[in-house]
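Undergrad: A single structure is presented below for examination.
The values are calculated or read from the model by the stated rules, or taken from the named source; none is laboratory data. Computed from a predicted model, the values in this text were never measured in an experiment. Heads up, the Cβs are rebuilt from the backbone with ideal geometry, glycines too, and the neighbour counts pull from every protein chain shown.
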Amino acid sequence: MDKRLKQQYSFDSLNVQSKTSKPIAKNVRGIFKNSTFQYLLFGAILIVLLLVSVKTPYLPYSWYGGLISTACFSIASIGFCLLMGYSGMASLGTGGFIGIGCYSVYYVMTLSGLSFFLAILVAILIAIIIGVIVGFISLRIESIYLVILTLGLSEILRNVYRVLSDSINIGRVEIFGMKILTADTMYIIVPILVIIMIVTKNLISSPTGRAMLAMKNSTAAAQAMGISVLKYRLMAFIICTVYASISGTMLILRNGSATASSGTSFYALITSLNILAAVIIGGYKSIWGAIFGTFVMYGMNTTILQNISFLSEHPELVTIISGVLVIVVVMFYPGGLAQLLQGFKGKISKLLLKIREAKYGKDLG
Amino acid sequence: MAKTSVNSKIGEFFYSPASHLIKLRKELQWAIAEKQTLKDVYEEEKYKKLTAIKSKYDNLLAKPAFKACDKVEYADKVMADKLQAFDLKQYMQHRAVNHALTKAIFKAIKKGESYQSAIEKHQLQFKKVVAQREEFVKKLQKEKQDFLLKYNTKDCTEYDQLLAKLKDDYQQKEKEINLKINEKISARSKKLDDKIACLEQKIANVKTKIKHTVTLEKDVLLSVKGLKQYFGGLKAVDDLTFNVKKGEIFGLIGPNGAGKTTVFNCITRFYDATGGDMYFENKYGEVVNMRDFKVHDVILQGISRTFQNVELVKEVSVLENLLVACTREYQSNFWIHALGLPIVQKEDKILKAKAMNILKFMGIENYAGWYAMGLPYGILKKVEIARALMSDAKLIIMDEPAAGLNDSETAELTEIIKKIRDQFNVTILLVEHDMGLVMNVCDTVCAISFGQLLAIGTPEEVQKNKAVQEAYLGVEEE
């Protein structure tokens, strides 16, 4: 009904609602602000980019490798993000935890011949056991000592892998009778990444996330409020190890083989350090930040820097660039690139206000 | 929930009546909460349904209403709306012109030139703006005349007929909806009643498995008996005994290092006391020994505390800080949180309403959405007290509530502490150095020194006590 006639001719003219229906543009904006939708959209865009790089000449093929390894390692970084940003603990054991995933897949699939998804379940179970052990230790040991302890644990795990079987090779995995080629692994990896993002976001904004934050800020206050430190520390470590383990299963799915003794293998110390750097660059309290940081550490080299002719001639400069980036971020944006982005938003709105004032003068009152 | 005998310890590993009781009570609490809000929830549903029907009717009535309305009035309204929108647009133009003039004049004055030309230019532009408006008004008037030529009839019959018909229809539908909602309410409330009765029965059954042998004296809430806390050779608290009565404000005073905070930490189980017992009548009217509980289970018995240095979560809002105190009250578990099921939001909504009420009571509801980081210290202290109120505690322990506050804030705090005691029906136990606050607010004061009791009584009695004076001022030398 015409709004001018409502006062007099509406059906229930005594209480006419002044609220008009929302314009469509506003509704659309509301959907875009929904985090679950954002993550799904992100997954869709990632798959499109990967398809473009594989099937068409518009993007070089090197993009596929960079983006897919970003997606794999992002799962581990998100878990680390939860551990560091929300529970206030750090670990250098990510590399070792990634190995759990690789080796469970290898043993479950080659020795017992079970399916890939069952192998993931086994990987999760073993990761939970390791997470419980580290979680119990974290009750007694804190901060930097815990970091060193997890570093030692990671090296022990790596040596165990070396003794078990130095190099593993599972070839191309078969799922439901279909062989998964390297180019098709994205249909498994990207959906799992999106699911992990959604679950993590749900946890962060739930009472569990609040309890973890309370524990990080003050253990005493958290305990007085009925939060069991044992329970939530265990939870944080289990989530971290399980995510890293899933990340390992995805990596072995993509690569098909891995070697424990080489310095650049997935479960070497360098992986743990790279993930730590990724989370610090991206911002240790933001899921988007963790993914972007992982891209900087794992994907930027093959996607962008190698296509610049100067840098491809001097590959040693690439490491220097990422090192400088870490220093700059830690010095100026301790909250990571997520903080940088937030600051950028504020600056834009300030600029708009300034332009407005230059034209119309200051707002009165 | 007293400790059962050693024989049943293995059994306790598989089934502990205490934790079972906690679970049952949580369920009962949520069932009661749902029963209380049942009517509001369905009322909302009913309101939504009715408004949907009404808006449907409005759409049906749109055409007849246009036929029935007074066309001259309608045209006037349309004209006024359009003119208003135009004026809003022109206002910004006007401002830009004025701002340009001001800038030009300032510039001319700075250079020492005359600004006559700027004013002339401004007047020219201003005239242009006025002319634009006149033109627009003329256009609108022409539109109005055209409109009136096109539609000049007024026909109410169709509208009246349709309205009468719809009104009958509406009454019928309203009756139907009411009936349906009432049925739903009665069915659900019956289910809830059954559930509550069942739970109460279960709780009574479990209670019989736990023996409570200790009874407290009349009106006593907390009884500390022979409390000892040794750190190596240091006797921080040595054989301390006192009783806290229900509904009083109990102050614990003493010189620095007297062991006041240690007593608090023993009661809230941060320290495992070397010896002695602390009997407490909990939320459910049972007398329990606090030594049987772990530190994070103390809040479930009805003891909550604040800290000397504000210990809030700085990265979340004030409202969410209050929700942290309710972590144990959520029925949903980790898996439900991970999947993000709507139950969590439902529970959040109920608890947020409760938190807002408490913030309103403390007079800081405006800060609900603010981040705790960067708020003034006085506000943070209030937020901490509000957080202690969230868990429906029976005993609130305040560790130096006035530390770091100025005089006016301390005076306000005195009022707040008294108000909390009266309104929430709680007992307050506080440690304080500010003697003014203690003497103003406390009903009973207990003075300790080197972990031993010096005096207990009303503030005046304790003030006159010689041992207390000596402890504070030192012994007079002759």
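Undergrad: If only one of B:K246, B:K294, B:K314, B:K260 is touching a strand residue (DSSP E or B) at 6+ places or on another chain (Cβ under 8 Å), within 11 Å of chain A (Cβ to nearest Cβ) and either of a type in the set (K, R) or within 19 Å of B:S449 (Cβ to Cβ) (or both), which one is it?
TA: Working: B:K246 fails: within 11 Å of chain A (Cβ to nearest Cβ); B:K294 fails: touching a strand residue (DSSP E or B) at 6+ places or on another chain (Cβ under 8 Å); B:K260 fails: within 11 Å of chain A (Cβ to nearest Cβ).
B:K314 is the lone residue from the list that is touching a strand residue (DSSP E or B) at 6+ places or on another chain (Cβ under 8 Å), within 11 Å of chain A (Cβ to nearest Cβ) and either of a type in the set (K, R) or within 19 Å of B:S449 (Cβ to Cβ) (or both).
Undergrad: Let me ask something else. Can you tell me which residue within the stretch B:46-74, out of those that are of a type in the set (A, V, I, L, M) and in contact (Cβ under 8 Å) with a residue 60 or more places away in the chain, is nearest to the other protein chains (Cβ to nearest Cβ)? I'd like the intermediate steps shown before the answer.
TA: Going residue by residue through the stretch B:46-74, those that are of a type in the set (A, V, I, L, M) are B:50, B:52-53, B:60-62, B:65, B:68, B:72.
Within this subset, residues satisfying the condition of being in contact (Cβ under 8 Å) with a residue 60 or more places away in the chain are B:50, B:53, B:60-61, B:65, B:68, B:72.
Values: B:L50: 9, B:I53: 9, B:L60: 8, B:L61: 6, B:A65: 4, B:A68: 7, B:V72: 13 Å.
Ranking the candidates gives B:A65 first.
Undergrad: Let me ask something else about it. Filter the stretch B:310-334 for residues that are modelled with pLDDT under 90, outside any loop (DSSP other than H, G, I, E, B) and surrounded by fewer than 21 Cβ atoms within 10 Å (Cβ to Cβ) and give the result.
TA: B:R328, B:F334 - these are the residues of the stretch B:310-334 that are modelled with pLDDT under 90, outside any loop (DSSP other than H, G, I, E, B) and surrounded by fewer than 21 Cβ atoms within 10 Å (Cβ to Cβ).
Undergrad: To continue, here is another question. Could you please find all residues in the stretch B:88-119 being touching a helix residue (DSSP H, G or I) at 6+ places or on another chain (Cβ under 8 Å), more than 14 Å from chain A (Cβ to nearest Cβ) and assigned to a helix (DSSP H, G or I)?
TA: The answer is B:A108, B:A118, B:I119.
Undergrad: Any residue at all in the stretch B:412-421 that is in contact with a strand residue (DSSP E or B) (Cβ under 8 Å, 6 or more places away or on another chain) and within 28 Å of B:W30 (Cα to Cα)?
TA: Kept after step one, since they are in contact with a strand residue (DSSP E or B) (Cβ under 8 Å, 6 or more places away or on another chain), are these residues of the stretch B:412-421: B:417-418, B:420-421.
Retained after the next criterion (residues that are within 28 Å of B:W30 (Cα to Cα)): B:420-421.
Yes, the conditions are met somewhere in the stretch B:412-421.
Undergrad: Can you tell me which residue among A:A277, A:A290 is touching a residue at least 12 places away in the same chain (Cβ under 8 Å) and either crowded, with 23+ Cβ neighbours inside 10 Å or not in a helix (DSSP H, G or I) (or both)?
TA: Details: A:A277 fails: either crowded, with 23+ Cβ neighbours inside 10 Å or not in a helix (DSSP H, G or I) (or both).
Step by step, each of A:A277, A:A290 is checked, and only A:A290 is touching a residue at least 12 places away in the same chain (Cβ under 8 Å) and either crowded, with 23+ Cβ neighbours inside 10 Å or not in a helix (DSSP H, G or I) (or both).
Undergrad: So, one more: Could you grab me the full set of residues in the stretch B:207-260 that are among the hydrophobic types (A, V, I, L, M, F, W, C), over 16 Å from B:Y284 (Cα atoms) and surrounded by 15 or more Cβ atoms within 10 Å (Cβ to Cβ)?
TA: Here is the first cut: in the stretch B:207-260, the residues among the hydrophobic types (A, V, I, L, M, F, W, C) are B:210, B:214, B:216, B:220-222, B:224, B:227, B:231, B:234, B:236-237, B:240, B:242, B:244, B:249-250, B:252-253, B:258.
Adding the requirement that they be over 16 Å from B:Y284 (Cα atoms) leaves B:224, B:227, B:231, B:234, B:236-237, B:240, B:242, B:244, B:249-250, B:252-253, B:258.
Hits for the stretch B:207-260 are B:V224, B:L227, B:A236, B:V237, B:L240, B:F242, B:V244, B:I249, B:F250, B:L252, B:I253, B:A258.
Undergrad: Still on this model: For A:S261, state whether it is more than 14 Å from chain B (Cβ to nearest Cβ) and buried (at least 21 other Cβ atoms within 10 Å of the Cβ).
TA: Working: more than 14 Å from chain B (Cβ to nearest Cβ): yes; buried (at least 21 other Cβ atoms within 10 Å of the Cβ): no.
For A:S261, the condition - more than 14 Å from chain B (Cβ to nearest Cβ) and buried (at least 21 other Cβ atoms within 10 Å of the Cβ) - is not met.
Undergrad: Right, another one. Answer yes or no as to whether B:N182 is surrounded by 11 or more Cβ atoms within 10 Å (Cβ to Cβ) and assigned to a strand (DSSP E or B). Even if it seems obvious, please write down each step before you answer.
TA: Working: surrounded by 11 or more Cβ atoms within 10 Å (Cβ to Cβ): yes; assigned to a strand (DSSP E or B): no.
Judged against the criteria, B:N182 is not a match.
Undergrad: If I go through the stretch B:347-370 residue by residue, how many of them are part of a helix (DSSP H, G or I) and surrounded by fewer than 14 Cβ atoms within 10 Å (Cβ to Cβ)?
TA: First, pick out the residues of the stretch B:347-370 that are part of a helix (DSSP H, G or I): B:347-362, B:365-367.
Filter again for surrounded by fewer than 14 Cβ atoms within 10 Å (Cβ to Cβ), leaving B:349, B:353, B:357, B:360, B:366.
Of the residues in that region, 5 qualify.
Undergrad: Consider the stretch B:131-153. How many of its residues are in contact (Cβ under 8 Å) with a residue 24 or more places away in the chain, more than 23 Å from B:D70 (Cβ to Cβ) and of a type in the set (D, E, K, R)?
TA: 1
Condition check ((1) part of a loop (DSSP other than H, G, I, E, B); (2) over 27 Å from A:T70 (Cα atoms); (3) out of contact with any Lys or Arg (no Cβ under 7 Å at 6 or more places or on another chain)) across all residues:
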{"residue": "A:L157", "(1), (2), (3)": "no, no, yes"}
{"residue": "A:Y161", "(1), (2), (3)": "no, no, yes"}
{"residue": "A:G171", "(1), (2), (3)": "yes, no, yes"}
{"residue": "A:Y187", "(1), (2), (3)": "no, no, yes"}
{"residue": "A:L193", "(1), (2), (3)": "no, no, yes"}
{"residue": "A:I198", "(1), (2), (3)": "no, no, yes"}
{"residue": "A:A211", "(1), (2), (3)": "no, yes, yes"}
{"residue": "A:Q223", "(1), (2), (3)": "no, yes, yes"}
{"residue": "A:G226", "(1), (2), (3)": "yes, yes, no"}
